[in-house]
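The values are calculated or read from the model by the stated rules, or taken from the named source; none is laboratory data. The structure displayed is predicted, hence computed values, not measured ones. In this analysis, Cβ positions are derived from the backbone assuming ideal geometry, glycine residues included, and neighbour counts consider all displayed protein chains. Surface areas here come from the heavy atoms of the whole protein model, side chains and all, with no ligands, DNA or RNA. Shrake-Rupley method; radii C 1.70, N 1.55, O 1.52, S 1.80 Å.
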Amino acid sequence: MADSTVSEAGSGKRFDMVIAGAGYVGLATAVSIRQARPNLSVAIVDAAPAGVWERDGRASAIAAAACRMLGRLDCWEEIAPEAQPITEMIITDSRTSDPVRPVFLTFGGEAAPGEPFAHMVLNRVLNGALRRRATELGIDMIEGVAVESFETGSGFATVHLADGISLETRLLVAADGVRSRLRDMAGIKTLHWDYGQSGIVCTVAHERPHNGRAEEHFLPAGPFAILPLKGNRSSIVWTERTADAERLVAEDEIVFEHELELRFGLKLGEIRVEGPRRAWPLGLTLARDYVAPRFALAGDAAHGIHPIAGQGLNLGFKDAAALAQVVVEADRLGEEIGALDVLRRYERWRRFDTVQMGVTTDVLNRMFSNDFGPMRAIRDIGLGLVDRLPSMKGYFIKQASGLGGPTPRLLQGDAI
Ligand SMILES: Cc1cc2nc3c(=O)[nH]c(=O)nc-3n(C[C@H](O)[C@H](O)[C@H](O)COP(=O)(O)OP(=O)(O)OC[C@H]3O[C@@H](n4cnc5c(N)ncnc54)[C@H](O)[C@@H]3O)c2cc1C
């Protein structure tokens with residue numbers, strides 16, 4: 001099928017692929033496929049009105065593998081001047097009131113010589129670069145309108161939008177986030193539990209430079225992460241029990257900054273909160289299936305995990321790269337891209353990795369988000385041991401770089 005055409009039924013446009021969700025995962029999937037196969041027509045539908053993404057004040061840790069992929073997709077050059085390399089990471093384990101936070105583990109490593117294992121990037125910078133590339137590649141963007149329902153026939157799926165328009169497609173990809181409505185519409189069940197915790201996200205300005213150092217402090221209510229941004233600024237991901245998190249974000253600025261300072265410390269001088277603060281409820285959500293005929297889940301729609309390891313988005317980039325590779329290879333071989341046996345290759349590739357990461361983050365969160373003395377002793381011995389074993393540290397750097405396990409070609413920096 002070449003460019004989009006009006007279908008014979010006259011119900012709407014027909015595309016080879018329709019992607020629901022213009023988050024990073026939806027955008028990266030569309031760009032990866034269209035760059036490798038310009039013959040495939042691709043549309044992205046997003047419920048959020050145009051321009052909402054520009055107001056996202058959050059930042060994300062982008063692993064080295066995802067940077068390689070963004071380089072191959074001609075996006076990294078635009079992002080790099082705004083990206084802060086993470087050169088070192090320290091991990092501590094203490095109570096909020098402790099005067100000193102002993103460092104149990106230090107990572108200072110590179111994915112390859114001269115290649116930091118991760119960068120911090122503002123979400124709007126990342127989204128902007130992917131959107132610019134999507135436009136260059138002629139991907140249709142339909143914004144401010146949600147996918148309301150869909151049904152799959154033998155030759156294509158029909159996707160109904162909230163404005164009454166229908167699209168026909170050979171493959172519908174749901175990249176519509178952790179509360180995916182499309183996943184429910186497809187009848188795919190999930191394994192889900194709430195942690196009873198929320199992640200407070202905000203940006204702070206401080207007097208002294210962070211020198212690229214990221215910090216994760218394990219406190220009784222959950223991890224408190226300080227992630228370096230460009231200049232004397234850091235992004236905070238601060239886990240608290242949900243009721244406490246809601247109370248804190250609603251607090252007066254002075255009270256909020258005081259509570260923040262108790263956890264942040266004074267090593268970088270005085271701190272000041274910049275912009276809004278928001279709390280995100282945290283849970284584990286794992287889809288039982290990733291695919292159905294003419295349908296695939298990607299990103300948080302397939303797996304929502306705890307941000308304790310900062311890997312949610314990176315798992316999503318892996319999905320995008322793996323799905324693109326499977327679709328592009330199938331199309332080159334003349335196979336039907338929406339056929340279940342083709343999509344099962346993607347599911348087999350990604351499911352083990354995401355379940356493993358979901359379970360790992362779950363165990364870490366349970367182990368570290370408590371103040372039980374014997375558990376504290378065991379985990380601190382464990383951290384100390386890892387700190388003394390270069391091979392273990394090397395393993396963790398590889399995982400943090402997104403280069404562990406069978407890595408799709410784009411994430412290695414290669415073309416599909
Ligand atoms: C506190 C916190 C901190 C985090 N920090 C990190 C980090 O440092 N590093 C990292 O790798 N990950 C991090 N994550 C995880 C990361 O933010 C998510 O994994 C990532 O945003 C998921 O991207 P996505 O594209 O799958 O979904 P989303 O970003 O949620 O995008 C979904 C899109 O779908 C659209 N949509 C929804 N419903 C419909 C519909 N019916 N029709 C059409 N469109 C629809 C929405 O408008 C939205 O644009 C963090 C998460 C949290 C909560």
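General observations
- Backbone geometry of region 270-278 corresponds, through the Karplus equation with coefficients 6.51, -1.76 and 1.60 at θ = phi - 60°, to 3J(HN,Hα) couplings of 5, 10, 9, 6, 10, x, x, 10, 8 Hz, x marking Gly and Pro.
- The angle between the Cα long axis of helix 373-388 and the longest principal axis of the Cα atoms of the chain comes to about 80 degrees, rounded to the nearest 10.
- Separation of the Asp194 and Arg288 label points, Cα + 7 Å toward Cβ, nm: 2.2 nm
- Sum of -39500 (n - 2.57) over DSSP H runs of 4+, divided by residues of the chain (222 nm, nearest 500): -11000 deg cm²/dmol
- Each Cα pair under 8 Å and six or more residues apart adds its separation to the average, and for region 56-130 the resulting relative contact order is 48 percent.
- By average C-beta atoms within 10 angstrom, highest first, the peptides 58-70, 400-412: 58-70, 400-412
- Multiplying the residue separation of Glu136 and Arg344 by 0.36 nm and subtracting their alpha-carbon distance yields 71.8 nm.
- Under 5 Å, built H, 5+ apart or other chain: amide partners of Glu143: Asp46
- Whole-angstrom gap from region 191-217 to region 322-387, using each part's C-alpha centre: 22 Å
- Computed FRET value (nearest 0.05) for Ala112 with Phe352, which takes r as the C-beta separation and R₀ as 30 Å: 0.75
- Looking at region 11-111, none of the GluC sites (Glu not before Pro) sits in a DSSP loop with at most 13 other Cβ atoms within 10 Å of its own Cβ.
- Estimated Rh, the chain: Kirkwood, alpha-carbon pairs, angstrom: 22.1 Å
- Cα-based shape type of region 330-408, given that a ≥ b ≥ c are square roots of the gyration tensor eigenvalues and the cut on a/c is 1.5: oblate
- Rounded to the nearest 10 degrees, the inclination of helix 340-368 to the longest alpha-carbon principal axis of the chain is 10 degrees.
- Within region 316-382, the chymotrypsin sites (Phe, Trp or Tyr not before Pro) that combine a DSSP coil assignment with at most 11 other C-beta atoms in a 10 angstrom radius are Phe372.
- Degrees between helix 253-264 axis and first principal axis of the chain (Cα, 0 to 90, nearest 10): 80 degrees
- Relative contact order computed over the chain (Cα-Cα under 8 Å; 6+ residues apart), in percent: 22 percent
- Sparse packing (at most 14 other Cβ atoms within 10 Å of the Cβ) combined with a DSSP loop state is found for the following GluC sites (Glu not before Pro) in region 192-261: Glu207, Glu251.
- Extension gain, Ser154 to Glu251: 0.36 nm times the residue separation minus the Cα-Cα distance gives 29.4 nm.
- Per residue accessible area of the chain, 1.4 Å probe, in Å²: 42 Å²
- Between Val273 and Val103, the simple label model (points 7 Å from Cα in the Cβ direction) yields a spacing of 2.8 nm.
- Working from label points 7 Å from Cα in the Cα-to-Cβ sense, the Asp56 to Ala162 distance is 1.8 nm.
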